[in-house]
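Written below as structure tokens is the structure these notes are about.
The values are calculated or read from the model by the stated rules, or taken from the named source; none is laboratory data. What you are looking at is a predicted structure, and each value in this text was computed from that prediction instead of being measured. Backbone-built Cβ (ideal geometry, glycine too); neighbour counts: all protein chains shown.
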Amino acid sequence: MLRIVWRTVATVLWTSLAFLASLVTLIGPHRLRRRARWAQRWFRGLLRLWGVRPVFEGDPPPATAPGIIVSNHLSYLDVCVLGAIAPCVFAAKAEIRRWPFIGFLAWYGGTVFVHRGSALTIRRQVEALRRRAQAGLWVVFFPEGRISDHDGLMPFRRGLFTLASATGLPVYPVVLRYTPLPDVHWATNEALHRHAWRWLQRPSVTVRVRWLPPVRLETAPPEALPGIVARLHEVMQKAYETLKALEGSAAPSVKGASP
């Protein structure tokens, strides 16, 4: 009980402090990148407060070549884990913009809200993604579209990969797996406060972050995209199953802590 109270109070205070400090990014040049830097500090602080320990595997993407990070989606913690690695923004479904508080934070942090619509709408979204990459920011996609079943990855939505292909940016797949997962995975039919109450009592949580080889989409013809997405899903699913099988083994050495 004491741990939950401490973490809740500390989270509110840290969030308030980080937000107030980030207001300096409303003026001056490079505002979006500076704000992403503040968000990165905020996410790192949250992970420390909540006892979340990332363990990195594989070769991370080069810091000098921002692109698109494609990740499986197990928990709202995924945003904090990936946001703590490097200055980044997220691509999210348009409905999130209307969510109380979360929608405001997402907008403030430069999230690209993905709308289904006309060719003009798609072009605007592609340009928004390119501008963020040109500003030195990574763009994070969750192609499953929502939090998945913790036993494996759900089918990918190809629309996000169509946008990724149009940007000409490289795609860097990453697979996440938490230990213990049942306490962190949030089935959305469970009330958020009940879920948070359960996992915040834990002293610590480990998240394995496995980087996979990059994928180039910009040279692929449109008719080849479904096959590429299907193969990527298969590769990420196998990597997820490998991480699942490793639970209980000794943690690997930390490698590639950030792009």
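Assorted remarks:
- Residue selected from region 220-251 under the condition touching a helix residue (DSSP H, G or I) at 6+ places or on another chain (Cβ under 9 Å) and surrounded by fewer than 13 Cβ atoms within 10 Å (Cβ to Cβ), by the criterion modelled with the lowest pLDDT: Pro222
Condition check ((1) part of a loop (DSSP other than H, G, I, E, B); (2) closer than 30 Å to Ala245 by Cβ; (3) in contact (Cβ under 8 Å) with a residue 12 or more places away in the chain) across all residues:
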| residue | (1), (2), (3) |
| --- | --- |
| Arg124 | no, no, no |
| Ala128 | no, no, yes |
| Val140 | no, yes, yes |
| Met154 | yes, yes, no |
| Tyr178 | no, yes, yes |
| Asp183 | no, yes, yes |
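- Number of the exception - Leu160 against (1) in a loop (DSSP other than H, G, I, E, B); (2) out of contact with any helix residue (DSSP H, G or I) (no Cβ under 8 Å at 6 or more places or on another chain): (1)
- Residue check for Arg48: over 19 Å from Ala128 (Cα atoms), under 19 Å from the mean Cα position of the chain (by Cα) and at pLDDT 90 or above: yes
- Applying the criterion of being surrounded by 13 or more Cβ atoms within 10 Å (Cβ to Cβ) and in contact with a helix residue (DSSP H, G or I) (Cβ under 7 Å, 6 or more places away or on another chain) to the residues of region 210-219, the residue that is modelled with the lowest pLDDT is Leu217.
- Out of Trp138, Trp99, Trp107, sole residue that is under 11 Å from the mean Cα position of the chain (by Cα), of a type outside the set (Gly, Ala, Ser) and over 19 Å from His185 (Cβ atoms): Trp138
- Unique match (being within 14 Å of the chain's Cα centre (by Cα), among the aliphatic types (A, V, I, L, M) and over 22 Å from Glu144 (Cβ atoms)) among Ala63, Ala18, Ala10, Ala39: Ala39
- The residue list Leu32, Leu23, Leu82 contains one member that is out of contact with any His (no Cβ under 8 Å at 6 or more places or on another chain), farther than 28 Å from Leu217 by Cβ and not charged (D, E, K, R), which is Leu23.
- Residue list for region 153-168, filter: at negative phi and either among the small types (Gly, Ala, Ser) or at pLDDT 85 or above (or both): Leu153, Met154, Pro155, Phe156, Arg157, Gly159, Phe161, Ala164, Ser165, Ala166
- Taking region 210-249 as the range and being closer than 30 Å to Arg53 by Cα and touching a Gly at 6+ places or on another chain (Cβ under 7 Å) as the test, the residues that pass are Arg210, Trp211, Leu212, Gln237, Tyr240.
- Residue in region 187-199 that is part of a loop (DSSP other than H, G, I, E, B), out of contact with any Pro (no Cβ under 7 Å at 6 or more places or on another chain), of a type in the set (S, T, N, Q) and surrounded by 13 or more Cβ atoms within 10 Å (Cβ to Cβ) present: no
- Hey, Val9 hydrophobic (A, V, I, L, M, F, W, C) and in a strand (DSSP E or B) or not: no
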